[in-house]
1. Going by average Cβ neighbours within 10 Å, how do the peptides 5-12, 34-41, 21-28 rank, with the highest at the top?
2. Could you give the length gained by full extension between L27 and F46, i.e. 0.36 nm per residue of separation minus their alpha carbon distance, to one decimal place?
3. Can you give the extra length, in nm with one decimal, that the chain gains between H36 and L17 once fully stretched, where that is 0.36 nm per residue apart less the Cα-Cα distance?
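Nothing in this text is a laboratory measurement; each read-out follows from the coordinates by a stated rule. Fair warning: this is a prediction, and the values are worked out from it, not measured in the lab. Backbone-built Cβ (ideal geometry, glycine too); neighbour counts: all protein chains shown.
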Amino acid sequence: MHQTPLIPAHREAGAKLADFAGREMPLHYGSQLEEHHAVRRDAGMFDTSQMLANDVGGAGPSIPAGQVTSVFHLDLVHVFLGDGRHIAPRFPAI
């Protein structure tokens, strides 16, 4: 199982860890209600180190929409030049 660079910090904070798409990720840090109140009262952080940024582009409309939608769960009708989206690949890419 892959680990993100922040796993030691999650363990030190008392996180309950679990397998998430082949990566060891934190589920919670004890009481979810207490965690909710702590985030609302102070601040929260989401570990995005397991995510990968990809740029998709080309000269004009040279990338057929079908090629992008065959790889990602994404409807290109709602994506415009310069937009950013959080999307998941259709296949685990670890």
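1. On the way: 5-12: 13.2, 34-41: 10.9, 21-28: 15.5.
The peptides rank, most packed first, as 21-28, 5-12, 34-41.
2. Working: separation 19, 0.36 × 19 = 6.84 nm, distance 1.12 nm.
The L27-F46 span can extend by a further 5.7 nm.
3. Details: separation 19, 0.36 × 19 = 6.84 nm, distance 1.77 nm.
Additional length available on full extension: 5.1 nm.
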